[in-house]
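These notes concern the structure reproduced below.
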Amino acid sequence: MSYWPHILYTQQFDPAWCDKLFRRAGILKSMIELEVSGKLRYQPSLQDELTSLREEFGNRLILTFFYEESTRTRTSFEAAAHKWRMRVISTPNARFSSVAKGESLKHTIQMLCGYYPDAIVLRTSQEGMAEGAAAVSSVPIINAGDGIGQHPTQSLLDLYTIKSYVGRCDNLTVLMGGDLLNGRTVHSLAYLLAKYPGVRLLFISPPQLSLAEKIISHLREHRVEFAIINDLARGLAEADVVYWTRIQKERFGGDQGLYDQVKGQYVIGLEQMTYLKPSAILLHPLPINSADPEILPEVDNHPQAKYIAQAANGLWVRMALLEQVVSGMTDTPA
Ligand code: NCD
């Protein structure tokens, strides 16, 4: 099934499309960095391109509608839109919108479409809601996280970061750890990496938080090499990329007992970093839970810890994505 021009699941991307998006994101990064440093004027062709795209995009309207907490995803989408000089209407706490009065998502989306936005960036609390919104939307819906479902644009910036530091997206061993059951970023990244040849996935988590069967079946069906492991030192030593995630306590329905059982089981500190190959990188979609950290603060300045740079890459990847979406270029993905 084709979801374009909506951005709902990473299964709809393919390596050729990602590669093109990443190349564009890299160009946009250079443009904006030159602009920020005052040097864009020495590159007149880039300056002209940026100016003319900004003129074209200047009357485009992006709505961000977030039913759940967000720092990076919303601000980087909005910053990306602003860098293009698009206009943004931001609803950072949609729970306080008319949803609190009982309005359905269907009515909310249908009504928002009446304002002729060029895209709606939507974060919802339940899996499948972004797809439900897309079904009634006359404009592109960008899934910015649907409950424990997926977070496709996070995977784009994750993969862009992998490509920047490791130099490739194929022939990689990727260790994913933490809350594999509830972490939507892991789900999206696993589906996306499954499209690249030679990728081997290692999964480590407390047993209560292991990967859902449907993702495991997908990997089997697509003949992706994977293993569920419990030896952290071994996983760290074999990985080219370590993708660590937060225990999603807010998905536990208030079960403090479960949280107490699973927290702190797999923590990365400086000792664990010594098991990594020198070329391996540590990623995390962030936030790290500072109360019970799954990565200790001492790791932040480690040269192989790339999660802050990873978050910063959200700007370039989302600029490239918004450019495509508002230009209607996502109709022809590959
Ligand atoms: C993640 C999310 O919201 O799924 N954060 C993000 O968007 N970068 C990860 C998380 O909340 O743990």
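Summary table below
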item: Residues of type aspartates and glutamates that K249 reaches as a straight line, Cα spacing below 12 Å, ignoring anything fewer than 8 places off in the same chain; result: D179, D260, D292
item: Interchain or long-range residues, amide H under 5 Å from V121's placed H; result: L63, T64, F65, I142
item: Sequence-distant lysines (8 or more away, or on other chains) whose Cα lies within less than 20 Å of K29; result: K20, K39, K83, K163, K306
item: Relative packing of peptides 167-177, 33-43, 315-325, 73-83 - highest average C-beta neighbours within 10 Å first; result: 315-325, 73-83, 167-177, 33-43
item: Cα-centred dipole magnitude for the chain, charges only on beta-carbon of K, R (+1) and D, E (-1), debye, nearest 20; result: 540 debye
item: Kirkwood-Stokes translational diffusion coefficient of segment 90-211, alpha-carbon pairs, 25 °C, 0.890 mPa s, µm²/s; result: 152 µm²/s
item: Base-10 log of normalised Debye intensity for segment 75-139 (one unit scatterer per alpha-carbon) at q = 0.11, 0.21 Å⁻¹; result: -0.27, -0.97
item: Relative contact order %, the chain, counting alpha carbon pairs below 8 Å whose residues are six or more apart; result: 20 percent
item: Segment 194-294 - Debye-derived log10 I(q)/I(0), Cα point model, q = 0.10, 0.20, 0.24 Å⁻¹; result: -0.31, -1.18, -1.43
item: MRE, 222 nm, helices only [DSSP H, n ≥ 4, -39500 (n - 2.57), over the chain, to nearest 500]; result: -12500 deg cm²/dmol
item: For segment 242-324, projected area of the alpha-carbon convex hull averaged over all directions, nm²; result: 7.1 nm²
item: Length-normalised contact order for segment 148-227 - Cα pairs under 8 Å, 6+ apart - percent; result: 33 percent
item: Cα-only Debye scattering, the chain: base-10 log of I(q)/I(0) at q = 0.09, 0.10, 0.14 Å⁻¹; result: -0.47, -0.59, -1.15
item: Relative contact order of segment 173-324, pairs being alpha-carbon contacts under 8 Å that are 6 or more residues apart, as %; result: 24 percent
item: Long-range amide H partners of R200 with built H, under 5 Å; result: L172, T173, V174
item: Size descriptor, Kirkwood hydrodynamic radius, that averages inverse alpha-carbon separations across segment 155-195, Å; result: 10.7 Å
item: Rounded to whole Hz, the Karplus (6.51, -1.76, 1.60) HN-Hα couplings of segment 58-67, x for glycine and proline; result: x, 10, 7, 10, 10, 9, 10, 10, 10, 8
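A short reminder: the numbers here are calculations on the coordinates, not readings from a lab. Please read these numbers as outputs of a predicted model, since none were measured by experiment. Counting neighbours? That spans all protein chains shown, and the Cβs are built from the backbone with ideal geometry, glycine included.
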